[in-house]
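J.: Next up is a structure, given as structure tokens.
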Amino acid sequence: MLSLVAVIALSCQRTPKVEMITISNHNGMSATFTNYGARITSLIVPASDGTFKDVVWGYDTVEEYYDSNDLYCGPIVGRYGNRIGKGRFVLDGKEYFLTINDGENHLHGGSGGLSTKVWNMEKLSDREVKMSILSPDGEEGYPGNVEITVYYTLNYDNSFDIKYEAVTDAPTIINLTSHAYFNLHGTSKYSTNSHILRINASHFTPTDEGLIPTGEIASVGGTPLDFRVPTAIGERIDEVSFEPIAFAGGYDHNWVLDKEREFSLAAEVFEPSTGIVMQVWSDQPGLQFYSGNFMDGKDIGRGGDIHGYRTGIALETQNYPDAPNHPDFPSPVLRPGEVYKQLTRYSFSLNAF
Ligand code: GLA
């Protein structure tokens, strides 16, 4: 249950100032955040030639993030990351209607979702930042006053943790994720199609043309979605004879992780030209891998880098899309007295797999 203090704080809350904070570890790895959308704006890691590369998309100024809301460049998305069909769901017999912002569907918490809010931000230590926000009852159509906390931590072994917690004062649904775009070249001058990807998933959730799951859990075997053996992203990305690739214009699917709900290795990515390897560890049941198919090159990032077609990938650890409308999918329901918890770890090294 939310404490009375929290609810009073919610009704009195003022918008905090938009700021940026940088944290670092003793290896020279550093990360920068802004509280606009609880967003990661920079993540600098070692490359095999002894230099350091910034492996996430960002802009030079915080103001530029306001204009790029539709790209979801680095924020925490929610309350429900990913899509909810027609923006409707039923919970405990009551029907709820969410903002429609993606064709006829609801995407990433709606047009005024958590990625557009100014969060409270606090530097807990040289290596840790805390973001928190109170999302009021009815925001974007979601029930319940929900108190959300996200901890970003850089560890000594060059891993980067995102820890989430949320509590509510009324039954609701929740699915938080980070929408950082990675490019292990350290610049979006080069396509992410050259990255070698492995995903620990034997199944995925097929969708309709609007990318809403049909409810089926299908095998990846023999399809371009089979990344159980490491494969270059670009190798099969245009195999449009496979309908799910045609619907998404590339990769934009939810993989059903083999080790559901157990903190384990979900995926790993390697860029041969920089030697950078990124592992993704998570306790979530699904992984949305989006290969940047909607990018049109009009968006200009840090240092003039053009955010072009397929020059950034998102690896979003989360529940399945549209789970509120599929009783067979893992439950996204959060009730008073329960604590929503999630841990995702992006771990960097130079050891090719
Ligand atoms: C997610 C979705 C994509 C797209 C991006 C934002 O990754 O799955 O379809 O909407 O967000 O552009």
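J.: List every residue pair whose Cβ atoms sit under 6 Å apart, with the two residues 6 or more apart in sequence or on different chains, where the first one lies in the stretch 252-277 and is among the basic types (Lys, Arg) and the second, anywhere, is surrounded by 14 or more Cβ atoms within 10 Å (Cβ to Cβ).
T.: Close Cβ pairs (under 6 Å, with a partner that is surrounded by 14 or more Cβ atoms within 10 Å (Cβ to Cβ)) amount to Arg261/Pro285.
Okay, residues lined up against (1) more than 17 Å from the chain's Cα centre (by Cα); (2) of a type in the set (D, E, K, R); (3) modelled with pLDDT of 95 or more:
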{"residue": "Ala9", "(1), (2), (3)": "yes, no, no"}
{"residue": "Gln13", "(1), (2), (3)": "yes, no, no"}
{"residue": "Ile76", "(1), (2), (3)": "no, no, yes"}
{"residue": "Lys86", "(1), (2), (3)": "yes, yes, yes"}
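J.: If you check Leu184, Leu225, which single one turns out to be open to solvent by less than 10 Å² (accessible area, probe 1.4 Å) and either free of Cβ contacts under 8 Å to residues at least 40 places away in the same chain or not in a loop (DSSP other than H, G, I, E, B) (or both)? Step through it out loud before you land on a result.
T.: Numbers: Leu184 fails: either free of Cβ contacts under 8 Å to residues at least 40 places away in the same chain or not in a loop (DSSP other than H, G, I, E, B) (or both).
Leu225 is the lone residue from the list that is open to solvent by less than 10 Å² (accessible area, probe 1.4 Å) and either free of Cβ contacts under 8 Å to residues at least 40 places away in the same chain or not in a loop (DSSP other than H, G, I, E, B) (or both).
J.: For the stretch 159-181, give me each residue that is part of a strand (DSSP E or B), small (Gly, Ala, Ser) and within 16 Å of the ligand (Cβ to nearest atom).
T.: Ser178 - this is the single residue of the stretch 159-181 that is part of a strand (DSSP E or B), small (Gly, Ala, Ser) and within 16 Å of the ligand (Cβ to nearest atom).
J.: Would you point out which residue out of Asp238, Asp157 is acidic (Asp, Glu) and over 21 Å from Gln279 (Cβ atoms)?
T.: Checking each option against the conditions leaves just Asp238.
J.: While we're here: Out of Asp70, Asp137, Asp60, Asp49, I need the residue that is within 16 Å of the ligand (Cβ to nearest atom), open to solvent by 30 Å² or more (accessible area, probe 1.4 Å) and either touching a residue at least 24 places away in the same chain (Cβ under 8 Å) or part of a helix (DSSP H, G or I) (or both). Which one?
T.: Asp70
J.: If you take the residues in the stretch 209-222 that are among the small types (Gly, Ala, Ser) and not in a loop (DSSP other than H, G, I, E, B), which one is surrounded by the most Cβ atoms within 10 Å (Cβ to Cβ)?
T.: Filtering the stretch 209-222 for residues that are among the small types (Gly, Ala, Ser) and not in a loop (DSSP other than H, G, I, E, B), the one surrounded by the most Cβ atoms within 10 Å (Cβ to Cβ) comes out as Ala218.
J.: In addition: Taking the criterion of being open to solvent by 10 Å² or more (accessible area, probe 1.4 Å), within 16 Å of the ligand (Cβ to nearest atom) and either assigned to a loop (DSSP other than H, G, I, E, B) or farther than 21 Å from Ile245 by Cα (or both), would at least one residue in the stretch 261-278 satisfy it?
T.: The answer is no, given that none of the residues of the stretch 261-278 is open to solvent by 10 Å² or more (accessible area, probe 1.4 Å), within 16 Å of the ligand (Cβ to nearest atom) and either assigned to a loop (DSSP other than H, G, I, E, B) or farther than 21 Å from Ile245 by Cα (or both).
J.: Would you confirm whether any residue within the stretch 105-117 is free of Cβ contacts under 8 Å to residues at least 24 places away in the same chain, outside any helix (DSSP H, G or I) and open to solvent by 10 Å² or more (accessible area, probe 1.4 Å)?
T.: No, there is no match, as no residue in the stretch 105-117 is free of Cβ contacts under 8 Å to residues at least 24 places away in the same chain, outside any helix (DSSP H, G or I) and open to solvent by 10 Å² or more (accessible area, probe 1.4 Å).
J.: So how many residues does the stretch 102-112 have that are within 16 Å of Pro321 (Cα to Cα) and in contact with a helix residue (DSSP H, G or I) (Cβ under 8 Å, 6 or more places away or on another chain)?
T.: Pass one, the stretch 102-112, residues within 16 Å of Pro321 (Cα to Cα): 102-110.
Within this subset, residues satisfying the condition of being in contact with a helix residue (DSSP H, G or I) (Cβ under 8 Å, 6 or more places away or on another chain) are 104-106, 108-110.
Qualifying residue count, the stretch 102-112: 6.
The values are calculated or read from the model by the stated rules, or taken from the named source; none is laboratory data. Fair warning: this is a prediction, and the values are worked out from it, not measured in the lab. Neighbour counts run over all protein chains shown; Cβ positions are idealised from the backbone, glycine included. All accessible areas refer to the heavy atoms of the entire protein, side chains included, with ligands and DNA or RNA removed. Shrake-Rupley method; radii C 1.70, N 1.55, O 1.52, S 1.80 Å.
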